[in-house]
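The block underneath contains the structure these notes are about, expressed in structure tokens.
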Amino acid sequence: MALKTVRRLFSTLCIASLPLLAYSTAAQAQTGIYAQFTGQSNDLNSSSGWFWGATFGFYQDRHSVGPVHLGVDFRGAILKHDQAQFDSGLGGLRLTVVPHVVPFKIYAEALGGVGIVSNGPTNTHAQYQVNGGLEYTILPRIDWRVAEIAYNGYSGTGTGNPVGLSSGLVFRLP
């Protein structure tokens, strides 16, 4: 995929997220930064096994109606398998349900951006990712991201759709 197309996709994603940031009050916002360990099935090259590594990012839940929150998430991942490396930069929408009677939250995300696979030659593709996960509050501003499952798609690879599994920590900012 041409770099111009990838830039256009990322620009469109950023512009589409601006209304969420522009029309929200700070009192409603909940921002969190996170780091997690990720394993992703290797459907991107001819070798078997999994890519392993770190996923990190931040989210901001901007709009709330009862226990339902709408926001944005921006993340990066650096995953490796043997000599191959997979890097991604994604951003998009996040929907969270926080029951308030129990210390956990459920979330779903639809993200888009760029995925780069290096296994000898480097290939850059537009990437989308659909995530779902469960977080459990362990301290007033710290959550354990118990599990996150991610379904990935890439433009022009013809290789399938890798599935990722992650767990990590979320630090909610005041």
Treating segment 65-174 as a set of equal point scatterers at the Cα positions, no solvent, please give the Debye-formula log₁₀ I(q)/I(0) at q = 0.11, 0.13, 0.15, 0.22 Å⁻¹. -0.41, -0.55, -0.70, -1.24
If you average the C-alpha positions of segment 68-83 and of segment 105-168 separately, how far apart do those two centres end up, in angstrom? 5 Å
Here the averaged projected area of segment 110-174, based on the convex hull of its alpha-carbon atoms and given in nm², is 5.6 nm²
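A short reminder: the numbers here are calculations on the coordinates, not readings from a lab. What you are looking at is a predicted structure, and each value in this text was computed from that prediction instead of being measured.
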